[in-house]
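Let me begin by presenting the structure, written as structure tokens, before commenting on it.
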Amino acid sequence: MSAYLISIITEGAIFGIMALGLNVIWGWSGDFDLAYYSYVAVGAYMTLVLTIGPATAPAQYILGLQLPYPLAVFIAVITSMAVALVIGSIALRHLRGIYFSIVTLGAVYVVYVLAGQYVPLFDGYNGLSGLFDPMGDWFGLDYLSYQYFLMGLSLAMFALVFLLMWRISGSRFGMALRTLREDERAAAAFGRDIYRLKLKGYVLGAALAGFAGALFAAYLSAFNPSAWSPVGEVIALYAAVLVGGRGNIWGVVVGVLVMGVGVQESTRWLPHVPGLGELDNVNPQILLSMRGLIVGLVLVLFLRFRPQGLLPERRYVDSQPAALIVQTPA
Amino acid sequence: MNEALLTLGFAMVTASILALSAVAFTLEYAVTNVANVSHGEILTAGAYAAFLVHQRTGSAIAAAIAASLAGGLVALAMHSAVIGPFIRFGASPTIVFIATLGMSFVIQNVLVLFFGAANVAYSIDPGASRQVGPFRLTPLDGEIIGSAVAITFVLYLIISRTRFGKALRAVSQNRELARVTGINATRVAGATFFLAGLIAGYAGFVLAESVGSFNPYFGFGFFLITLTAAVAGGLGRAVGTMTGAVIVGIILEVVPALKLPFVGYISASYNLAIAFAILALVILVRPRGLFTNARRTVFE
């Protein structure tokens with residue numbers, strides 16, 4: 001297996017975990033959350049400051065511990081959840097629709113600006129680096145076999161998260177979240193505590209984001225403000241969830257394959273297409289912007305022409321509609 | 001004291017540009033009930049058009065006209081290609097919000113493909129600064145502030161005195177009712193987008209001038225501040241939005257110049273964070289804007 005294939009599968013699995021988390025917030029709960037990628041970033045940053053050890057001279061960042069990787073991941077996830085709890089409890093209390101989106105857009109910019117400008121936190125624009133092959137020396141892995149190990153780990157974690165989401169999807173909690181998406185008033189009339197339910201879903205989604213971020217940190221071995229942007233990354237995630245079918249976890253997998261892996265990898269070959277090759281020399285940004293262009297177009301076109309996605313969510317049909325029950329003699 | 005007046009002078013320039021951008025945004029909102037996230041790209045288009053025309057002709061006035069026209073056409077295209085069809089299709093405001101975000105992404109990347117992502121330096125000689133009343137302003141500053149006031153006045157006349165303005169107000173208050181009375185709501189909305197685009201395109205030109213450079217992402221950054229001003233003033237309300245823009249513009253310039261207790265000076269690079277802190281506060285406390293007494297409901 002080539003190193004190229006390994007990187008696709010690892011990135012795809014991590015991207016898949018992010019998409020599954022976003023599906024909880026947007027697919028089930030129905031909130032267009034623009035702060036989502038900040039939880040990924042917090043997960044990645046926290047994993048790094050917990051594992052790479054104390055800062056040396058010009059660099060400065062908080063903590064600087066050398067915890068074992070799994071423990072660091074655990075704390076990073078908890079931190080992401082805590083940040084989501086704060087943002088969510090402000091944004092979800094009274095706000096819905098675009099007002100919720102605008103406040104979360106503000107939140108992600110605040111996180112981005114703090115991480116990038118406030119140097120004592122995560123060393124500002126330089127960011128963090130130095131997490132090399134976490135857990136590799138436990139098993140005595142060399143560089144190449146470590147790549148296989150990380151790929152296997154990411155895939156296994158993706159499978160685990162998928163299984164968990166599959167359980168939640170059909171559970172009372174999963175159903176209750178969908179009711180909020182469909183009709184919040186009706187859910188409230190049936191005695192659901194809307195705010196608490198939404199907040200629970202939100203924090204669950206953020207936990208997956210933080211977890212994916214922690215894996216991403218191991219994959220990149222570094223994280224800094226140029227590794228993410230407040231809006232760019234989350235749009236790609238939304239496009240994946242939308243294309244696959246929001247609300248349906250199988251759909252999300254399809255979306256990740258199409259958008260995360262398909263678009264990502266097909267644009268990688270653009271410079272090799274005869275005639276386009278020269279463009280690459282003219283403008284090094286061309287790959288990134290082609291990707292962004294495709295992602296944006298797909299988002300708009302799917303919203304307009306196939307909002308349910310390629311693999312739509314199954315609509316639950318009431319087997320005992322109220323009308324029937326009324327007609328049945330007591 | 002001098003320092004404070006100097007800062008206030010800058011603040012008036014920022015507030016003027018912000019007011020133009022925000023009033024255009026709020027007009028777009030008024031006729032469609034949709035927040036156009038790709039509004040910032042109208043400003044970017046204006047900046048590029050101004051730069052290209054200025055290079056060819058060497059005339060700042062030609063550049064301003066080109067910026068305006070480019071903005072108007074881009075806004076019209078946004079409405080007829082995406083926002084209009086989505087509204088006729090019956091999409092919810094949130095869905096259109098997402099679609100315009102996607103569109104903004106498309107436009108940014110198209111601009112990168114054509115012009116590259118690097119900053120383009122673009123500035124007009126501002127001239128020597130002079131004492132104007134209590135403030136020190138350059139002639140360029142004066143032109144920016146003066147043109148903003150003039151544009152606002154003309155816009156006020158259009159909205160309050162013309163037949164089109166009447167139709168615009170009707171559509172913004174009740175689209176269905178307006179249609180019943182024979183107003184072509186889609187056409188009025190399209191024309192309003194064109195008008196808003198003219199203003200926003202010009203705002204993009206003066207913003208590029210006052211910043212001194214721009215790139216394909218430049219409008220989006222300013223859109224975030226525009227959004228703060230418009231929401232603070234009340235989405236869809238022109239006068240409230242203008243006031244919101246002036247307040248936000250002044251806060252953004254004044255805060256970095258102040259030595260605050262505990263934190264000391266806050267660098268201007270935190271501008272976006274400050275803007276959003278204001279925004280979040282306004283939305284939470286007075287979601288319909290600062291200047292209205294309407295009560296908030298949970299389902300907003």
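Scanning the range B:175-194 for residues that are over 14 Å from B:Met78 (Cα atoms), among the aliphatic types (A, V, I, L, M) and assigned to a helix (DSSP H, G or I) yields B:Leu177, B:Ala178, B:Val180, B:Ala185, B:Val188.
In the condition set (1) in contact with a Ser or Thr (Cβ under 9 Å, 6 or more places away or on another chain); (2) more than 14 Å from chain A (Cβ to nearest Cβ); (3) at pLDDT below 95, B:Ala49 is compliant with all but (3).
Listed here are the residues, each with its yes/no results for (1) touching a residue at least 60 places away in the same chain (Cβ under 8 Å); (2) small (Gly, Ala, Ser); (3) exposed (fewer than 15 other Cβ atoms within 10 Å of the Cβ).
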residue	(1), (2), (3)
B:Leu137	yes, no, no
B:Ala148	yes, yes, no
B:Ala170	no, yes, no
B:Arg187	no, no, yes
B:Ala200	yes, yes, no
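Having 3 or more residues that are under 29 Å from A:Leu287 (Cβ atoms) is the bar; report the helices (runs of 4 or more DSSP H) wholly within the range B:57-125 that clear it.
Numbers: elements: B:60-78, B:84-88, B:93-115.
The qualifying helices (runs of 4 or more DSSP H) are B:60-78, B:93-115.
Of all residues in the range A:70-94, exactly one satisfies the criterion of being within 9 Å of chain B (Cβ to nearest Cβ) and crowded, with 24+ Cβ neighbours inside 10 Å, namely A:Ala91.
So which residues in the range B:109-121 are at the interface with chain A (Cβ under 7 Å from one of its Cβ atoms) and either in contact with a Pro (Cβ under 7 Å, 6 or more places away or on another chain) or surrounded by fewer than 16 Cβ atoms within 10 Å (Cβ to Cβ) (or both), if there are any at all? Even if it seems obvious, please write down each step before you answer.
Of the residues in the range B:109-121, the ones at the interface with chain A (Cβ under 7 Å from one of its Cβ atoms) are B:109-110, B:112-113, B:116-117.
Hits for the range B:109-121 are B:Val112, B:Ala117.
Please verify whether the range A:174-189 includes one or more residues that are more than 14 Å from chain B (Cβ to nearest Cβ), in contact with a Gly (Cβ under 8 Å, 6 or more places away or on another chain), under 30 Å from A:Leu293 (Cβ atoms) and in a helix (DSSP H, G or I). The answer is no, given that none of the residues of the range A:174-189 is more than 14 Å from chain B (Cβ to nearest Cβ), in contact with a Gly (Cβ under 8 Å, 6 or more places away or on another chain), under 30 Å from A:Leu293 (Cβ atoms) and in a helix (DSSP H, G or I).
Collect the residues in the range A:92-127 that are among the charged types (D, E, K, R) and either assigned to a helix (DSSP H, G or I) or under 18 Å from the mean Cα position of the chain (by Cα) (or both), keeping them in residue-number order.
Residues of the range A:92-127 that are among the charged types (D, E, K, R), as a first pass: A:93, A:96, A:123.
Correct list: A:Arg93 only.
If we scan the range A:242-252, do we find a residue that is facing chain B (nearest Cβ under 9 Å), modelled with pLDDT of 90 or more, crowded, with 17+ Cβ neighbours inside 10 Å and closer than 23 Å to B:Phe97 by Cβ? Yes; the residues of the range A:242-252 include at least one that is facing chain B (nearest Cβ under 9 Å), modelled with pLDDT of 90 or more, crowded, with 17+ Cβ neighbours inside 10 Å and closer than 23 Å to B:Phe97 by Cβ. Within the range A:134-144, the only residue that satisfies the criterion of being over 22 Å from A:Ala72 (Cβ atoms) and not in a loop (DSSP other than H, G, I, E, B) is A:Leu144. Restricted to the range A:295-317, and to residues there that are assigned to a helix (DSSP H, G or I) and in contact (Cβ under 8 Å) with a residue 60 or more places away in the chain, the residue that is farthest from the other protein chains (Cβ to nearest Cβ) is A:Phe302.
Restricting A:Ala209, A:Ala187 to those that are among the hydrophobic types (A, V, I, L, M, F, W, C), at pLDDT 95 or above and buried (at least 18 other Cβ atoms within 10 Å of the Cβ) reduces the list to A:Ala209.
Applying a threshold of 6 Å to beta carbon distances and a minimum spacing of six or more residues, or different chains, the list of pairs starting in the range A:95-113 at a residue that is more than 7 Å from every other protein chain (Cβ to nearest Cβ) and ending at one that is in a helix (DSSP H, G or I) reads A:Phe100/A:Ala91; A:Thr104/A:Ala91; A:Ala107/A:Ile87; A:Val108/A:Ser38; A:Val111/A:Ser38.
Only one entry in B:Leu27, B:Leu6, B:Leu52, B:Leu43 is aliphatic (A, V, I, L, M), free of Cβ contacts under 8 Å to residues at least 24 places away in the same chain and in contact with a helix residue (DSSP H, G or I) (Cβ under 9 Å, 6 or more places away or on another chain), namely B:Leu52. Contact annotation: residue pairs with Cβ atoms under 9 Å, 6 or more positions apart or on different chains, pairing a residue in the range A:123-138 that is under 14 Å from A:Gln66 (Cα atoms) and polar (S, T, N, Q) with a partner that is at pLDDT 85 or above and not in a loop (DSSP other than H, G, I, E, B), are A:Ser129/A:Leu48; A:Ser129/A:Leu220; A:Ser129/A:Ala222; A:Ser129/A:Phe223. Out of the residues in the range B:59-88 meeting the condition of being in contact (Cβ under 8 Å) with a residue 60 or more places away in the chain and of a type in the set (S, T, N, Q), tell me which one is surrounded by the fewest Cβ atoms within 10 Å (Cβ to Cβ). Result: B:Ser80.
The values are calculated or read from the model by the stated rules, or taken from the named source; none is laboratory data. Predicted model, so just to flag it, every value in this text is computed and none were measured. Ideal geometry is used to build each Cβ from the backbone, glycine not excepted, and the neighbour counts take in all protein chains shown.
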